[in-house]
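S.K.: Before we start, here is the structure in question, set down as structure tokens.
The values are calculated or read from the model by the stated rules, or taken from the named source; none is laboratory data. Keep in mind that what you see is a predicted model, and the values were worked out from it rather than measured. In this analysis, Cβ positions are derived from the backbone assuming ideal geometry, glycine residues included, and neighbour counts consider all displayed protein chains. What goes into the accessible areas is simple: the full protein's heavy atoms, side chains included, and nothing from ligands, DNA or RNA. Shrake-Rupley method; radii C 1.70, N 1.55, O 1.52, S 1.80 Å.
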Amino acid sequence: MVSISRIALSVLLAFSVGGCSFLPEEILHDSASNEQATSTQDALSNKESQTALSELAHLNWQQHQVEQSSVQIQDSGWDALAQRLALIETAQKSIDIQYYIWNSDHSGHYLAKRLLAAADRGVHVRVMLDDINLNEREDLLTALDSHPNAEIRIFNPTPSRSGVSKWLSFLGDFSRLNRRMHNKSFTVDGAFSVVGGRNIGDEYFDLSDEINFRDRDVLVAGAVVEQISDNFDKYWDSRWSYPVTLLGGEAIDYVDMINAVEAPAYANYPALPANTEQAKQLLGNVTQQMKWVDAYFVSDEPVPEDEGNTDVPKQTAVLLAKLAQQSQQEVLLESAYLVFDDRQLAAWQDLVEEGVVVKAFTNSMESNDLVTNHSAYAGRRKDMLEHGIELFELKPDSDLCQESTKDESKCAPAVPYGLHSKSAVFDRKVATIGSFNFNLRSTYLNTESVLVIEDEEIAASLADDIDEVINEEHSWHLELVEGKVRWYSEGESWTTEPEVGRWQRFQSRFYQLLPIEKYL
């Protein structure tokens with residue numbers, strides 16, 4: 001029975017939200033907006049539409065089967081940022097970008113600067129961002145959208161744009177507005193894409209003085225790029241995709257601010273590509289190292305058929321569950337956030353009882369950037385161990401940070417090191433890299449995307465990489481002892497979360513009392 005206080009709160013929220021709402025419930029787009037985008041098929045078959053990037057992709061593709069794709073994993077922040085910049089500098093026709101987060105920091109501003117330079121030379125730039133992390137930047141984004149060759153759309157925005165009213169708006173339409181676009185893709189001239197776990201921001205490119213992440217993307221060319229491009233168009237033209245101009249921002253003068261941004265500099269890496277010649281040289285070297293594989297791209301529908309039903313696993317979750325169920329020897333999971341419900345735990349236990357080894361690597365409390373998200377994992381940690389999943393948690397002072405950043409000042413103890421990558425390996429034959437965290441939000445709520453690579457060499461290499469990081473030199477190995485969780489590493493053991501204080505543990509236990517597990 002619904003309480004009177006809950007009814008009163010609902011009425012209050014309805015009035016509060018109704019008084020400040022101005023956005024339409026959905027958007028109907030003109031399908032002609034996609035005519036300027038360059039598809040992979042056109043780029044590789046129509047000489048009139050060919051670009052330097054499509055020619056580079058075709059040069060390597062013609063020696064392989066047309067349905068194959070070439071891939072190179074981006075592990076370091078420098079590789080991830082340098083290759084994105086090289087694609088921008090080489091672009092001639094189109095740049096299509098989709099992200100959950102785009103920070104207003106050094107790397108975020110510099111990438112925006114180079115995108116505008118590409119737009120200035122006639123490249124059609126489309127950027128799609130989720131609304132949840134927009135942080136009242138409507139004015140700046142509206143200004144960028146005013147460029148004749150740039151368009152910006154926002155996914156599933158709240159009707160109210162700031163302050164308390166924004167969060168009242170969110171609560172007033174919780175079932176819809178809790179559906180977030182977590183996908184990440186970066187496609188240029190329909191010829192190359194970058195997909196994976198990284199957002200845009202210093203912490204994802206080994207540049208932050210606050211926290212840096214172990215993360216992973218893939219640079220791809222070949223057949224799979226058309227799937228990624230088609231998926232971007234589906235989101236771009238979805239009814240939850242809003243032109244940024246509808247959000248009430250006023251165009252500001254951004255030119256001086258953007259032009260003043262210098263390229264980020266790494267202490268022990270080469271300078272980032274700053275012009276077309278350097279970009280082509282970098283991409284030429286990279287493409288020679290790319291491996292041709294069988295690959296396909298899977299993404300959730302932008303708008304669920306029943307937005308109020310949060311008990312049905314999304315398409316990406318179904319795919320990953322199927323790959324796990326087909327495994328006969330081993331499943332390796334690497335996920336920033338890790339939460340399984342009772343149904344999923346039962347499925348994992350069935351797999352373990354069939355002789356499959358299941359290892360899951362995630363953040364420790366000390367390496368996690370969000371105590372709330374860690375609390376959901378901590379609440380299920382004992383259950384996971386009881387159901388046969390082997391658990392490993394990242395140490396925040398792992399020297400793997402220095403292997404990636406090549407800069408002690410970007411690692412512990414000066415800067416925390418956390419895990420943000422989302423990958424899996426099945427029987428060392430199939431690898432997946434994408435935006436999907438193995439938690440309930442990715443399973444039931446967010447839209448996600450996953451690249452599936454069917455290649456034993458790539459899968460074995462990724463498995464070896466995960467094996468290295470779950471070594472006790474870099475991670476804590478968890479076990480159950482007399483029904484209680486224990487942490488082990490290099491001959492030592494802990495009965496509580498290592499290297500954290502009572503206040504953090506109290507916060508975690510408090511959040512576990514709240515019915516928010518699915519939303520973390």
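S.K.: Given R₀ = 35 Å, FRET efficiency for Q512-D230 by Cβ-Cβ distance, to 0.05?
M.R.: Values: r = 41 Å, r/R0 = 1.17.
According to the calculation, E is roughly 0.30.
S.K.: Once you put a point 7 Å from the Cα of A460 and another 7 Å from the Cα of A263, both along the Cβ direction, what distance in nm separates them?
M.R.: If labels sit at A460 and A263, their model points lie 3.7 nm apart.
S.K.: So if I place +1 on the C-beta of Lys and Arg and -1 on the C-beta of Asp and Glu, and nothing else carries charge, what would the dipole magnitude of the chain be about its Cα centre? I want it in debye, nearest 20. Intermediate results must be reported in sequence, preceding the final value.
M.R.: Values: 43 positive and 83 negative charges, 230 e Å.
Computed charge dipole of the chain: roughly 1100 debye.
S.K.: In Å and whole numbers, how far do the C-alpha atoms of the chain stretch along each principal axis, longest first?
M.R.: Extents along the principal axes: 69, 60, 43 Å.
S.K.: How far, in nm, would the chain grow between L370 and E136 when pulled straight, counting 0.36 nm per residue and subtracting the alpha carbon separation?
M.R.: 82.1 nm
S.K.: Sticking with this structure for a sec: Rounded to the nearest 500 deg cm²/dmol, what is the calculated helix-only ellipticity per residue at 222 nm for the chain, with -39500 (n - 2.57) per DSSP H run of length n ≥ 4?
M.R.: Numbers: 18 runs with 192 residues, N = 520.
One gets -11000 deg cm²/dmol as the mean residue ellipticity at 222 nm.
S.K.: Let me ask something additional. When ranked by the protection proxy of mean other Cβ atoms within 10 Å per residue, highest first, what sequence do the peptides 247-257, 419-429 form?
M.R.: 419-429, 247-257
S.K.: May I pose another question? So what does the Cα-only Debye profile of region 273-351 read at q = 0.13, 0.16, 0.27 Å⁻¹, as log10 I(q)/I(0), no solvent term?
M.R.: Normalising to I(0) and taking log10 leaves -0.70, -0.85, -1.38.
S.K.: Could you sort 133-139, 196-202 so that the peptide with the highest average Cβ count within 10 Å comes first and the rest follow in order?
M.R.: 196-202, 133-139
S.K.: Modelling each spin label as a point 7 Å along the Cα-to-Cβ direction, I'd like the Q325/H147 distance in nm, to one decimal.
M.R.: Reported label-point gap for Q325 and H147 is 4.6 nm.
S.K.: Over 27 Å between C-alpha atoms is what I'm after, so list which of K93/K410; K184/K314; K395/K422; K322/K410 land there.
M.R.: On the way: K93/K410 36 Å; K184/K314 17 Å; K395/K422 17 Å; K322/K410 39 Å.
Violating the 27 Å limit, Cα to Cα: K93/K410; K322/K410.
S.K.: Got a number for carbon plus sulfur as a percent of the chain's accessible area, 1.4 Å probe?
M.R.: Numbers: 10550 of 21700 Å².
Solvent-exposed carbon and sulfur of the chain make up 49 percent of the total.
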